[in-house]
Amino acid sequence: MSTLRLIAVGDICLKTKNNMHPFENVKSAFRDKDILFGNLETVLSNQGKEVEKAVLLHASPEKVEYLKDAGFDILNVANNHIMDLGWGGFNDTLEVLNRNDLKFIGAGNQKFNHSYTIVERKGIKLGFLGYYEGGFKNFKKGVFIDRVNENEISAGIKHLKSKCDVVIVSLHWGIENIFYPSPKQIKLARNLIDAGSSLVLGHHPHIVQGIERYKNGLIVYSLGNFQFIADREKNRSSVILTVRINKNGIEDYKIIPVKIDENLIPCVMNNQNTQEMLSFINKISLPIIEERLNEKRWFEEISREHLVGNMKSWIVRIKKYGIKHLLQCIKWLISPFTVNCYLGLLRQRLKKR
């Protein structure tokens with residue numbers, strides 16, 4: 001039976017130091033790909049109105065050449081940075097990708113009016129869907145960014161299953177800098193495999209999370225950073241995921257660990273670091289596979305990182321944009337999710353006594 005090789009990587013920003021080629025050191029790892037997928041977490045535009053955020057990501061449209069040179073075929077754009085330059089930047093990004101024959105998923109407008117794509121290689125048809133766990137306000141007519149909603153994703157899977165052999169779902173979700181997906185994420189990912197998807201690819205946490213073979217499918221909860229700003233050591237470790245696929249679904253998969261260097265360029269790890277990274281991925285995968293991640297334990301795991309990281313972001317926004325963001329911060333401080341983080345932190349400290 002014919003098989004194809006899908007390679008998937010995580011977050012891409014196209015920013016490097018000294019304008020170096022962002023993929024120069026990993027192009028050889030892409031050489032045998034049939035399809036190359038990544039999460040494009042930047043706007044490709046030189047115009048538009050910057051939104052009020054702590055971190056803004058946008059790159060010159062000319063940098064699309066790096067994506068083409070590396071061999072990317074499909075890019076997820078349903079993420080929290082696609083609107084960093086407003087609707088002008090959003091529309092420019094879709095136009096730039098289309099003009100350069102790069103397929104994208106997760107968003108559309110009046111010109112590009114569907115958010116999925118189908119690719120055929122070696123007689124196998126693959127359907128790709130992309131979703132973002134978040135939302136944007138004041139959508140213009142005809143513009144959309146697909147949000148994580150189980151019923152809508154299941155309907156999308158069903159629709160694509162009638163058109164292709166294998167369905168792959170990309171999810172921009174989860175909590176940043178946390179090594180574990182939430183119990184709700186685990187349940188949703190498994191439900192999407194049950195609904196007919198063969199592969200779930202997660203991203204957004206900026207670090208690698210666990211991997212699970214579930215029934216006939218594969219779930220990668222977070223691919224981590226790939227070519228991205230990495231200001232902490234744990235954000236610098238990432239993976240290149242290679243998946244062998246036939247018409248019936250997933251045959252097997254392989255992980256190539258990579259490290260983001262000081263120039264924000266990913267490099268394949270040496271043998272010793274590779275073994276350490278593979279062991280670490282196995283370690284963080286076990287609580288998922290063995291179903292030991294209940295909600296209480298998860299909040300204990302994420303509480304400090306989530307609270308500290310978000311407060312740093314709020315401080316930047318309040319200093320930069322003023323009272324409106326202070327009021328939003330107060331609302332966040334008393335939200336049910338944040339209260340659960342307080343309780344998780346308290347439980348964690350009581351356990352250490």
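For the reader, a short list of remarks on this structure follows.
- A helix-only calculation puts the chain at -11000 deg cm²/dmol for mean residue ellipticity at 222 nm, using -39500 (n - 2.57) for each DSSP H run of at least four residues, averaged over all residues.
- Charging the Cβ of each Asp and Glu at -1 and of each Lys and Arg at +1, and nothing else, the dipole of the chain about its Cα centre rounds to 920 debye.
- The modelled label-to-label distance for the pair residue 323/residue 141, using points 7 Å beyond Cα in the direction of Cβ, is 3.6 nm.
- Amide H to amide H distances under 5 Å link residue 104 with 75, where only residues 5 or more positions off or on other chains count and H is placed in the peptide plane.
- Evaluated with a Cβ-only charge set (Lys, Arg +1; Asp, Glu -1), the range 105-184 carries a dipole of roughly 340 debye about its Cα centre, given to the nearest 20.
- Cut-off under 5 Å, modelled amide H: who pairs with residue 44 long-range: 59, 93
- Among the listed pairs 163/254; 215/352; 15/234, those whose Cα-Cα separation exceeds 30 Å are 215/352.
- J(HN,Hα) series, the range 47-55, from Karplus relation 6.51 cos²θ - 1.76 cosθ + 1.60, nearest Hz, glycine and proline x: 9, x, 9, 5, 7, 8, 9, 6, 10
- The range 165-210, accessible surface, carbon-and-sulfur percent (1.4 angstrom probe): 48 percent
- Packing-based order for 341-348, 253-260, using average beta carbon neighbours within 10 Å, highest first: 253-260, 341-348
- Area of residue 192 that stays accessible when all protein chains are in place (1.4 Å probe, Å², to 10): 0 Å²
- In the context of the full protein assembly, residue 244 retains an accessible surface of approximately 80 Å², using a probe radius of 1.4 Å and ignoring ligands and nucleic acids.
- If only the Cβ of Lys and Arg carry +1 and only the Cβ of Asp and Glu carry -1, the dipole of the range 130-280 around its Cα centre is close to 540 debye.
- 3J(HN,Hα) along the range 180-196, derived from phi through the Karplus expression 6.51 cos²θ - 1.76 cosθ + 1.60 where θ = phi - 60°, amounts to 10, x, 6, x, 5, 5, 4, 4, 4, 4, 5, 4, 6, 5, 4, 6, x Hz, with x in place of Gly and Pro.
- Distant alpha-carbon pairs in the range 1-89 (separation over 23 angstrom), percent: 28 percent
- Non-local Lys pairs in the range 27-139, i.e. 8 or more apart or on different chains, that have alpha carbons under 17 Å apart: 12
- For the pair the range 92-127 / the range 15-50, the C-alpha centres are spaced 17 Å from each other.
- Solvent-accessible surface ranking, highest first, for 139, 128, 144, 112 at 1.4 angstrom: 139, 144, 112, 128
- Take 175-184, 281-290 and order them by the average number of nearby Cβ atoms within 10 Å per residue, most first; the result is 175-184, 281-290.
- Using R0 = 41 Å, the C-beta based FRET efficiency linking residue 118 and residue 234 works out to 0.70.
- Förster radius 25 Å - calculated FRET efficiency between residue 263 and residue 47, Cβ distance, rounded to 0.05: 0.35
- With each label modelled as a point 7 angstrom along the Cα→C-beta vector, the residue 290-residue 338 pair spans 3.5 nm.
- Sequentially through the range 117-122, phi angles give Karplus couplings (6.51, -1.76, 1.60; θ = phi - 60°) of 8, 10, 10, 10, 9, 6 Hz, Gly and Pro residues having no value and appearing as x.
- For the chain, the ratio of Cα radius of gyration to the globular rule of thumb 2.2 N^0.38 Å stands at 0.96.
- Surface/4 estimate of mean projected area, convex hull on alpha-carbon atoms of the range 207-340, nm²: 11.1 nm²
- Since only 21, 250, 218 are under comparison, the one whose Cα sits farthest along the positive direction of the charge dipole of the chain, derived from C-beta charges on Lys, Arg, Asp and Glu, is 218.
- FRET E, pair residue 28, residue 297, Förster distance 35 Å, beta-carbon r, rounded to 0.05: 0.30
- Average accessible surface for the chain: 46 Å² per residue, computed with a 1.4 Å probe over protein heavy atoms with every protein chain in place.
- Rg/Rh ratio calculated on Cα atoms of the range 106-183 (Kirkwood radius): 1.02
- Rough spin-label spacing in nm, given labels placed 7 Å along Cα→Cβ, for residue 187 and residue 282: 3.1 nm
The values are calculated or read from the model by the stated rules, or taken from the named source; none is laboratory data. Please read these numbers as outputs of a predicted model, since none were measured by experiment. Because the Cβ atoms are built from the backbone with ideal geometry, glycine has one as well, and the counts that use them run over all protein chains shown. In case anyone asks, the SASA skips ligands and DNA or RNA and just uses the protein heavy atoms, side chains included. Shrake-Rupley method; radii C 1.70, N 1.55, O 1.52, S 1.80 Å.
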